[in-house]
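For reference, the structure is listed below as structure tokens.
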Amino acid sequence: MHGKRILLIVGGGIAAYKACELIRLIRKAGGEVTCVLTEGGAKFITAMTLAALSENPVHTTLWDLKNEAEMGHIQLSRAADLVVVCPATADLLARMAAGIADDLAATLLLATDKRVLALPSMNVRMWQHAATQRNVATLRSDGVTVMEPDEGAMACGEYGLGRLPEPEAVLAAIGAMLGEPGRLAGRHVLVTAGPTHEPIDPVRYIANRSSGRQGYAIAAAAAKQGARVTLVSGPVALDAPKGVDVVAVETARQMAAAVTAALPADVAVMVAAVADWRMDKVSPQKRKKVDGLEIDNLLLVQNPDILAGLAVSAARPALLIGFAAETEDVLAHAAAKRLRKGADWIIANDVSGDVMGGSRNTVHICRESGVESLPEMDKDAVAAALVDRIADALR
Ligand code: C5P
């Protein structure tokens, strides 16, 4: 993002504070930020804060005579490589869609010939309202990129779609729009995801509650950063992420074979909840229930540990990452698992709640140097944050 200039319009929503973190990330990536603060935005955050973080003057009004003498609103967008609206309130989206130019933000959005990224953030019902959805559709057909909001708990106390995506995910979207090659360009990232199904007979199998969502989100985030991604996936009900090669498998042994076939890789992120055991012999016919007798005859054998095997293989990726789904003593178990499996990092998550199958996750990154705990986030945001750290580690 070196030398790229972002014109950041901060609208009047509670998520305005996230614009601060976004400014910090853009600048860390080498970009420059100039802010426009709407009247509503100024109710949530001050121009002083934005000026201090961006180290640039903040523009608030259309009727600044000095600037208007120079056609300030035209000049502002002319100087930018990309215009980002964060947060884009329902009102601002409506004004954009209708072409209304009643303040500085709306006027320069109408005057700009630069690409525009809008980040809606609002109450779930405002987001789902037919008027907002109509406005979003109009904006998209006008060429504006509108990022989907995240799902989660909201400042208004409700739950649903409407949260501003985490700043790391927004930064990745900005990079993609600027045509940046991505932080993982030229790298091959291998991800395993989902459960495995271990057949008992033609109609039954052993499985677990993994939905595959976290692994799919990591694969998608790595692809967004320009990586070639191979996703070896157990049976899940998810669509293949854009730009990712999905290899569908059913059992642990098939997953192990698919992982070997996908090597070499620069990074392997083993998110799959691989079944520890499989049937010693899969019955070719449906087993009969004969007073529990057949249940006692379920002779199980251990599956290969794909992660531990990869750690000692000649084709070990430079960065090998495992997950540890635990329900107690999460960090202690994760630290022990890191050593036992020979992984570089273990991502520990507490699955005692509804994490498995849910949309949110709280993770702790356990490395040799210590533990970094991330706040509870949407699984997409966890993925973006992890991919960011992976890119840092490969630098
Ligand atoms: O031992 P446990 O199943 O808790 O280890 C979890 C980590 O090991 C995850 O990264 C998982 O993908 C990986 N794993 C594996 N093959 C197995 C079991 C676990 O790759 N058979």
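Read the figures in this text as sums done on the coordinates, not as results from a lab. A quick note: this is a predicted structure, and the numbers were derived from the prediction, not measured. All Cβ positions, glycine included, derive from the backbone under ideal geometry; neighbour counts span all protein chains shown.
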Open item on the list: Charges on Cβ only, +1 for Lys and Arg, -1 for Asp and Glu, centred on the Cα centroid of region 15-163; of 112, 141, 38, which one is farthest towards the dipole's positive end?
Closed with: 141
- [ ] Take every DSSP beta bridge with both residues inside the chain and express the antiparallel ones as a percent of the total, to the nearest 5.
- [x] 30
- [ ] Report the full-extension gain for the segment residue 207 to residue 130: residue separation times 0.36 nm, less the Cα-Cα distance, to one decimal in nm.
- [x] 23.7 nm
Open item on the list: Between residue 302 and residue 287, what is the label-point separation in nm under the 7 Å Cα-to-beta-carbon projection?
Closed with: 2.1
TODO: For the chain, just the Cα set please: Rg and Dmax, both in angstrom.
DONE: 24.4, 91
Task: Rounded to whole Hz, the Karplus (6.51, -1.76, 1.60) HN-Hα couplings of region 31-38, x for glycine and proline - done: x, 10, 10, 10, 9, 10, 10, 7
Open item on the list: With +1 on the Cβ of every Lys and Arg and -1 on the Cβ of every Asp and Glu, and nothing else charged, how large is the dipole of the chain about its Cα centre, in debye rounded to the nearest 20?
Closed with: 800
- [ ] Report, in order of residue number, the helices in the chain meeting two criteria: a C-alpha extent of 18 Å or more along the helix axis, and a mean Kyte-Doolittle hydropathy of at least -0.5; treat each whole DSSP H run as one helix.
- [x] 16-28, 379-394
Task: Extreme residue, positive dipole direction of the chain, given options 284, 184, 304 (C-beta unit charges) - done: 284
Open item on the list: List the trypsin sites (Lys or Arg not before Pro) within region 177-274 that DSSP assigns to loop and that have no more than 16 neighbouring Cβ atoms inside 10 Å.
Closed with: 204, 209, 242
- [ ] Lys and Arg at +1, Asp and Glu at -1: add these up for the other residues within a Cβ distance under 9 Å of residue 164 and post the number.
- [x] 0
- [ ] Grab the DSSP H runs of the chain that are 4 residues or longer, score each as -39,500 (n - 2.57), total them, divide by all residues and round the 222 nm result to the nearest 500 deg cm²/dmol.
- [x] -10000 deg cm²/dmol
Task: Spatial separation of Cα centroids for region 222-243 and region 136-177, in angstrom - done: 21
Task: Cβ-defined net charge surrounding residue 131, 13 Å radius [Lys, Arg +1; Asp, Glu -1] - done: +2
Task: Potential lengthening between residue 376 and residue 312 on full extension [0.36 nm per residue; Cα-Cα distance subtracted] - done: 19.7 nm
Task: Chain lengthening between residue 61 and residue 261 when straightened (0.36 nm per residue, less Cα-Cα) - done: 66.1 nm
Task: Two-site FRET efficiency, residue 153 against residue 240, from Cβ-Cβ distance with R₀ of 45 Å, rounded to 0.05 - done: 0.95
Open item on the list: Less than 13 Å Cβ to Cβ from residue 91, Lys/Arg counted +1 and Asp/Glu -1: what total charge do the surrounding residues give?
Closed with: -1
Task: All Cα pairs of region 1-50, percent lying beyond 16 Å - done: 33
